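Read the structure below first, then the notes.
Read-outs throughout are calculated quantities, based only on the coordinates presented, and are distinct from any laboratory measurement. Note that the structure is a prediction, hence the values are computed from the model and not measured. Every residue, glycine among them, receives a Cβ derived from its backbone with ideal geometry; neighbour counts consider all protein chains shown.
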Amino acid sequence: MAQQESYENVFQRYHESETRFQHFVLGITLAILAFSVQYTKTPALGWTSWVIVASWACLLVSFIFGLWRLETLVVIRKMDVERVNYPGDVPPIEWESRSDKLRSRVMWVYHFQKYGLLAGLCFYAIFYAVNFLIQP
């Protein structure tokens, strides 16, 4: 019994830390996007203006994928709770296949979120490096 209680505590801590980390990454992504939109002075026209727009697009896509990932994680946790509270001994088989599909989707969405954030930061750094070098 003590082993199961410790497993439940460990699972609860893992779930809390995963959720906190996801909220942190979403907050950082939105803060970087808001800061860059507010304080960037784009040139009138030119290829550097397209770089900063690409940065904003990547950051926005990363934020949207992060929200989608958070929503999918909530659905997975809900399915886990339903599975535990299922009155029969064996839950329906479609829960397993749906849960596996959702877990696979969460990993793909996480990669899109992560690489979108990194691409947005790289485009942002390129924009400022080029503008720093161009200015007399």
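Below is a table of values for the structure above.
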item	result
FRET efficiency estimate (nearest 0.05) - Cβ-Cβ, residue 6 to residue 78, R0 22 angstrom	0.35
Measure of compaction for the chain (Cα Rg per 2.2 N^0.38 Å)	1.47
Dipole-positive endmost among 58, 74, 46 within the chain (Cβ charges, Cα centre)	46
13 Å reach of a label modelled at residue 18, 7 Å along Cα-to-Cβ, counting backbone N of the range 106-136	106-108, 110
